[in-house]
């Protein structure tokens, strides 16, 4: 029996050595690589564009603070055969590319304001959707100042775009398509500070003013698609205009800053001799919304599902996440969750269902 066991172990060892040697065999390595590439190129996220639902994908849930697995603020809304991107935080294009979102189907970029964590990847969105075959210049909506932002990114990417057209040819990468067009949002001088910026294919997008002072102006966006609705708050303190704009919405994607955790960071920074960090931590609570306040806003607006995103500080683990949302359940026992990159919320048409899942 002992000899049999030794023989089996010897056979297994030889098999492992043979397998390792086989995987070092160049023709087999090449075939494995080809198989991986074939599967990658065959994968798409075409189901996100099906016209049977309004879909909202969190492509960035973090804030300016670093996190190993979260991109900066980005929310993608799928409706009418296209997708609309609210804010282009650093790392967000990579997220969409990893989920095989075809960039050529982009409808527009909608900027809420011009903090770097909300605009840092605008150039990549322009470049990558152009490379994927976008059929027209990229429309970039935003409050006053969007012209400067667009012009700056276009200048920064001008040499790159020229190289690519020169290398691949104008038939593949026409220079007049690889551009952006700034679309400044303005509000009526009287009445609610709202403006419809798109209304076609069953989709209406409404911009509304929020309060992120001293960052001014700043906006949020509401999407209404064939009876379903989603609102993205942008950065703001609790604000009556946001409550009014979100009335009765199926979904509210709202920023959240845990000021009780921010205070701890500030106190520790001061003790550790980092006065600049301590000063910033003492400043930022004045122009953001806490998770509990966001829950109160959702309740007041009669929103069915609240998604907390733009997380400051972004929780690194489940314990920190529990601390982050402390008190939310007392205000809103159900109908909310803490976002992670890849959360997809589907709102089927002709239904009141809200389906939540993670992208693979």
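No lab work stands behind these numbers, since they all come straight from the coordinates. From a predicted model like this one, the values you see are computed outputs, not experimental measurements. Quick reminder, even Gly has a Cβ in these numbers, built from the backbone with ideal geometry, and neighbours come from all protein chains shown.
The modelled label-to-label distance between residue 114 and residue 171, using points 7 Å beyond Cα along the C-beta direction, is 4.0 nm. Taking 0.36 nm per residue of separation and subtracting the current Cα-Cα distance, fully stretching the chain between residue 358 and residue 329 would add 8.2 nm. Ranked by the mean number of other Cβ atoms within 10 Å of their residues, highest first, the peptides 339-349, 126-136, 317-327, 249-259 come out as 249-259, 339-349, 126-136, 317-327. The long axis of helix 146-168 is offset from the longest Cα principal axis of the chain by roughly 30 degrees.
Size descriptors for the chain, from the alpha-carbon set: Rg then Dmax equal 23.9, 93 Å. Of all DSSP-defined beta bridges confined to the chain, some 60% are antiparallel rather than parallel. Exposure proxy shown here: for 98, 359, the number of other Cβ atoms within 10 Å sets the order, fewest to most, as 98, 359. In this simple spin-label model, placing a label point 7 Å from the Cα along the Cα-to-Cβ direction at both residue 24 and residue 322 gives a separation of 4.8 nm. Taking only the alpha carbons of region 201-321, we obtain Rg and Dmax values of 16.1, 56 Å in that order. Taking other C-beta atoms within 10 Å as the exposure proxy, 157, 287 rank 287, 157 from fewest upward. Looking at region 175-288, the DSSP beta bridges with both ends there are about 85 percent antiparallel.
Footprinting exposure proxy ranking of 84, 93, fewest other C-beta atoms within 10 angstrom first, gives 84, 93. For region 119-255, dividing the convex hull volume of the Cα atoms by the residue count gives 126 Å³ per residue.
Nearest 500 deg cm²/dmol is fine: what mean residue ellipticity at 222 nm does the chain get from its DSSP H runs of n ≥ 4 alone, each adding -39,500 (n - 2.57), divided by its residue count? Helix-only estimate at 222 nm: -11000 deg cm²/dmol. Would you please classify the overall shape of region 94-200 from the alpha carbon gyration tensor, given that a ≥ b ≥ c denote the square roots of the eigenvalues, rounded means a/c under 1.5, and beyond that prolate means a/b larger than b/c while oblate covers the rest? The shape class here is prolate. Diffusion coefficient of region 47-149 by Stokes-Einstein, Kirkwood radius over Cα pairs, 25 °C, 0.890 mPa s: 180 µm²/s.
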